[in-house]
Amino acid sequence: MPEELLCVNNITKSYAGVKALEDVSLNINRGEIHCLVGENGSGKSTLIKIIAGVVTPDAGEIHINGKHYPKLRPIDSIREGIQIIYQDFSLFPNLTVAENIALNHELARGQKLVNWRRVRQVATAAMQQIGIKLDLDARVEQISVADKQLTAISRALLQNAQLIIMDEPTTALTQREVRSLFAVIKSLQARGISILFVSHKLNEVLEISNKTMILRNGRKVVDADAREFDRAKLVYYMTGRQIDDSTYDYRPGELTVPLLKVENLTSHGNFSDISFELMPGEILGITGLLGSGRTELALALFGVQPADSGTISVEGKPVEICSIQDSIAHGIGYVPEDRLTEGLFLDQSIGRNIVVRTIDRYVGRGGLLDGREVEKGIQAGVNQLSIKAGSPALPVKSLSGGNQQRVVLAKWLASSPRILVLNGPTVGVDIGSKSELHEILRELARQGMGLIVISDDIPELMQTCSRILLMRRGRLVDEFRRQDTTENQLTLKLTEA
Ligand code: ADP
Ligand code: MG
């Protein structure tokens, strides 16, 4: 019989009339890795705070280690061995790793004088428990996000943790850091510690969890053994709809001249000897870990950080790309990282949002805005991205989420590029919006545009690209065709040293 550690029953919590959680129940057994999954705003953080005793539910029961807590306080939760690793880790930036891990523990022993040698010993022992080694004397403000997280986990261990809750722990981690976090989680589990892992990243959930609970709009949709789920099911439960999981097949057209041809492109210290071609209608993926040179390559194509040598040809003609103006003039567009998630001006019209970045090209000789040209520009964006709106004069907030995303992209496409480079287009985006965005990219490719998607999100690459190039330490080291590879193979290749 598995031993039950935590049992919350029929929890309800509202904020000013908005139901953050409604009738939610959750059981966690010892040594179990439980994933809590849901889109942004579904109530995950609220549930965690209730378990921590930080937020009091309006209704419902909480039992920890068999004990009923009618009004759970943070101190109760901590005494019962519940430790939460929040996204900011709550560490002291100006203290060292050792101090952050062990100071609390030492002070709790009630001595007036801190024994610094013991602080180091205790911190070392905590790290050994999960097989990690950090520089004890480094100041926390100077270490990586991943190491901060490991510091917070080590500290939790010293608080006699029985359940460690991690709120979206992989958000700021590289693939490799995710691998080592997972190893740590497994070793915690081996010590009988339970984990509640909060995420909306499907791969991670599928890989790490024993049990999975899905929240949607504050309600529990399902809670079951992790083996019951595959990608499609997770997505369905999270979003409440069947998500288009289709892939894109590039069919070579009659044109044999590449839209873009890059030969031996080199930027000293960033990347070297990069050669590839992009055909009209093709979506080419470029992947690599942080520091592989993938972003620098994109910046060179867009003229932000021009390359030192090599050639770039557009539609068969060599071009000079020394500035952003050059690349725009040759029909190359670039969407920087995170820009597809940045805000729109929701109260302003759809039209204004579309032309806001390019407004200066509509200024005529007399310095006046040419209204007719502006209208044309707006209409072009609406048409190209099939934005479904009564009129471009309506405010953006009147659109559905998917159409709002089209407006964001229309804004970036207002310079009418034929080649579009997107860097991490869906970092931090919900699964539902993500799949809509992928469909937009496929549509643009069908219209004959050539796209380059730079990403380390393997499922994203598999769903949008027909060909994927792998960069490592500034070089192209491999090329994959989507039909001939799998997500697992690609993940392995990506994370190989
Ligand atoms: P998640 O962590 O899944 O993104 P949250 O638990 O943070 O979701 O939020 C669930 C809902 O409750 C959201 O609609 C959010 O706006 C609302 N909410 C959360 N905390 C507060 C708060 N302190 N005051 C008002 N509304 C809140
Ligand atoms: Mg949250």
Return yes or no: is Gly60 of a type in the set (Gly, Ala, Ser), modelled with pLDDT of 95 or more, away from ligand 2 (no atom under 16 Å from the Cβ) and closer than 20 Å to Ile195 by Cβ?
no
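Determine whether Arg481 is in contact with a Lys or Arg (Cβ under 7 Å, 6 or more places away or on another chain), surrounded by fewer than 19 Cβ atoms within 10 Å (Cβ to Cβ) and either modelled with pLDDT of 90 or more or under 14 Å from Leu289 (Cα atoms) (or both).
Details: in contact with a Lys or Arg (Cβ under 7 Å, 6 or more places away or on another chain): yes; surrounded by fewer than 19 Cβ atoms within 10 Å (Cβ to Cβ): yes; either modelled with pLDDT of 90 or more or under 14 Å from Leu289 (Cα atoms) (or both): yes.
Yes, satisfied.
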Filtering the stretch 173-220 down to residues that are over 20 Å from the mean Cα position of the chain (by Cα), more than 16 Å from ligand 1 (Cβ to nearest atom) and not in a helix (DSSP H, G or I) yields Arg191, Gly192, Ile193, Ser194, Ile195, Asn210, Lys211
From the set of residues in the stretch 28-48 that are in contact with a helix residue (DSSP H, G or I) (Cβ under 8 Å, 6 or more places away or on another chain) and charged (D, E, K, R), which is surrounded by the fewest Cβ atoms within 10 Å (Cβ to Cβ)?
Glu39
Do we have Gly381 as part of a helix (DSSP H, G or I), within 30 Å of Ile431 (Cα to Cα) and at pLDDT below 90 here?
yes
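Out of curiosity, is Asn115 among the polar types (S, T, N, Q) and surrounded by 14 or more Cβ atoms within 10 Å (Cβ to Cβ)? Spell out how you get there, then give the answer.
Values: among the polar types (S, T, N, Q): yes; surrounded by 14 or more Cβ atoms within 10 Å (Cβ to Cβ): no.
No: the conditions fail for Asn115.
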Report, ordered by the first and then the second residue, all pairs with beta carbons closer than 6 Å, sequence separation of six or more or different chains, a first member in the stretch 262-290 that is within 16 Å of Phe480 (Cβ to Cβ) and in contact (Cβ under 8 Å) with a residue 24 or more places away in the chain, and a second member that is of a type in the set (S, T, N, Q) and surrounded by 22 or more Cβ atoms within 10 Å (Cβ to Cβ).
Ile283/Thr464
Could you please let me know if Val396 is touching a helix residue (DSSP H, G or I) at 6+ places or on another chain (Cβ under 7 Å), more than 30 Å from Pro258 (Cβ to Cβ) and touching a residue at least 24 places away in the same chain (Cβ under 8 Å)?
yes
In the set Leu36, Leu72, Leu103, Leu107, which member is away from ligand 2 (no atom under 15 Å from the Cβ) and not in a helix (DSSP H, G or I)?
Leu72
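Being assigned to a loop (DSSP other than H, G, I, E, B), within 29 Å of Gln489 (Cβ to Cβ) and touching a helix residue (DSSP H, G or I) at 6+ places or on another chain (Cβ under 6 Å) narrows it down to one of Gly291, Gly303, Gly281, Gly285, so name that one. Can you show your working first?
On the way: Gly291 fails: touching a helix residue (DSSP H, G or I) at 6+ places or on another chain (Cβ under 6 Å); Gly303 fails: within 29 Å of Gln489 (Cβ to Cβ); Gly285 fails: assigned to a loop (DSSP other than H, G, I, E, B).
After applying the criteria, what remains is Gly281.
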For Gly43, only one of the following conditions fails: (1) in contact (Cβ under 8 Å) with a residue 12 or more places away in the chain; (2) over 21 Å from Glu228 (Cβ atoms); (3) more than 14 Å from ligand 1 (Cβ to nearest atom). What is its number?
(3)
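The values are calculated or read from the model by the stated rules, or taken from the named source; none is laboratory data. Quantities reported herein were computed from a predicted structural model and do not represent experimental measurements. Cβ: placed from backbone, ideal geometry, glycine included. Neighbour counts: every protein chain shown.
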